[in-house]
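Every read-out reported here was derived from the displayed coordinates using simple, explicitly stated rules and does not represent laboratory data. Bear in mind that the values here come from a model prediction, so they are computed numbers and not experimental data. Please note: Cβ atoms are built from the backbone with ideal geometry, for glycine as well, and neighbour counts cover all protein chains shown.
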Amino acid sequence: MQEKTRLRFAPSPTGPLHIGGLRTALFNYLIAKKLGGKLILRVEDTDLGRIIKGSQKHIEESLEWSGITLDESPAKGGSYGPYNQGERKKIYKQHVDKLIEKGNAYYAFDTKEELDAHRKNHELKGKTFIYNSHNRHKLKNSLTLSGKELEEKINEGDYVIRFKTDENRVVDCKDLIRGEVSISSREIDDKILFKSDGMPTYHLANVVDDHLMKISHVVRGEEWLPSLALHVLLYEAFEWDAPLFAHLPLILKPTGKGKLSKRDGVKFGFPVYPLNWEESGVVYKGFREEGYLPEALKNYLVFLGWSNDKEKEVYKMKDLINDFDIKNINKSGAKFDPEKLLWLNSQHVQLISDEDLSKIISAQMDVDLKKSIFITKMIKPRLEKLSGLKDTFNYLINKPNFDTKTLEKLRNGEVKENLNIAADFFSGHTVIDASNLKQSMFSFLKEKNIKPGKIMPAIRIALVGKLEGPDLFELAYFFGAKEVVKRLNNLSSTI
């Protein structure tokens, strides 16, 4: 019986952490916190040929940036380590030997070429080759060989160890999201538990480790659902109580057709990794580098597969933990919507205190804190992301650039005259605050019989180089009358 709630996030270091993996980690974290339990990071690095250098570091740093705190991990340690499966090889060998002794596993000596030939022969007959009770007695394994021949084969070391799947058995599996699932053992092949390189497969290693690490809930992607029956049989063979299982739905492409991949990020122009990842000389931007907040990303990811009865959309972590219920996880996949994520990010930007945001702006734009406080008040309401602030709002520090298309529209005598009129106004007025300035200018324009709509666009372009941006009068107050006049004259001379 379990002492307490313990969940694990168990990625393989075969590449960077994808947002699908981050969501799996997040759901494990939420369940652990909701139930007062612990979250463990276990790195499944048994597939030696697929390990990519730097992957584990990327995974660990992504979780740290995301604020998914771990109770036990390779870096942190714990009572149930080692937490890298590559360091647990002896443990797996001891357990697979026990299965062999009990008759639940066996040595198989079939070569790749021999198995390929069997598959081809079955295909010619319109059948599918499955290595199990149908044909294991006809194949090259320790169930068909004996005596000296078997001993020699084992000593040569060129073998795998397979699980001996029960014959004619209905395996009942329970999933917390999908309910009861029943699978005939005739549909399950005798999966390899130990490979010829002496390393365990996922099937053996994850069952052994989940038991030894006292994992109470196994929450993973739905791609592992077809393996659930095998894992249930393994628990039975070891005479262990199985944990509770939950298989999360896929995160789909924005089109809804297929699983989200890094190619979709490139195609549609959004990140798919929490942090930057470089591969074959190409840098794939991360959410952090693109200015997304970890709180916003977690808020968005939890709704990719989970729903609540409230109309609330913007969540802080403590509220997510409070409201989260595994019963409300959906079965069907959820489309990734970059626009919705951007909106949620903008909402979380608004939750940052002006003081904290000013420090971020000061650092990014290389301005003093006093100036950044005023910049914060101007740009915060429209701020969606915290990346590229220096480029986006460069006009607040340096005179703006004008594109050719904009200048062509302005090249007429009336615009030039209006710019000169505006320069006269600012030359003769001390900017006190935005509201007083607005009132003074509108009175001035009324006296000159000039409609605001005729002159305001040109003033805005003079100040920021485009028609969009913060409030015009707040900008003028920020720049001061002298700088405003300089920018008005700059545009006037340019056109």
With labels modelled as points extended 7 Å from the Cα through the Cβ direction, what inter-label distance (nm, one decimal) is found for residue 382 paired with residue 196?
-> 6.5 nm
Ratio to report: Rg/Rh of the stretch 1-159, with Cα atoms as the point set and Rh obtained by the Kirkwood method; give two decimals.
-> 1.09
Sequence ranges 175-183, 216-224, ranked by mean other-Cβ count within 10 angstrom, highest first = 216-224, 175-183
Ranked highest first by the average count of other Cβ atoms within 10 Å around their residues, in what order do 74-80, 231-237, 123-129 fall?
-> 231-237, 74-80, 123-129
Going residue by residue through the stretch 478-495, the Karplus relation 6.51 cos²θ - 1.76 cosθ + 1.60 with θ = phi - 60° gives ³J(HN,Hα) values, rounded to whole Hz and with x marking Gly or Pro, of 5, 6, x, 4, 4, 5, 4, 4, 4, 6, 5, 5, 4, 5, 4, 6, 6, 8
Which whole-angstrom value gives the distance between the alpha carbon centres of the stretch 370-429 and the stretch 95-140?
-> 73 Å
Which percent of the Cα-Cα distances in the stretch 352-394 go past 15 Å?
-> 25 percent
Percent of all Cα-Cα pairs per 10 Å bin for the stretch 262-350, counting from 0 up to the last occupied bin, reads 15, 45, 30, 9, 1
Using only the alpha-carbon atoms of the chain, report the extent along each of the three principal axes, biggest first, to the nearest angstrom.
-> 110, 50, 36
So how long is each side of the stretch 90-194 along the principal axes, counting just the alpha-carbon atoms, biggest first, in Å?
-> 48, 41, 21
Mind pulling the per residue volume of the convex hull built on the Cα atoms of the stretch 326-403? Å³ is fine.
-> 125 Å³
Using only Cα atoms, what Kirkwood radius does the stretch 163-253 have, in angstroms?
-> 13.9 Å
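May I ask you to derive the relative contact order of the chain, considering only C-alpha pairs under 8 Å and at least 6 residues apart, and to give it as an integer percent?
About 12 percent, as a whole number.
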Roughly what % of DSSP beta bridges within the chain run antiparallel, to the nearest 5?
-> 55 percent
How far is it, in nm, from the label point at residue 308 to the one at residue 263 when both lie 7 Å from their Cα along the line to the Cβ?
-> 3.7 nm
Sum -39500 (n - 2.57) across every DSSP H segment of at least 4 residues in the chain, then divide by the residue count to get the 222 nm mean residue ellipticity, nearest 500.
-> -13500 deg cm²/dmol
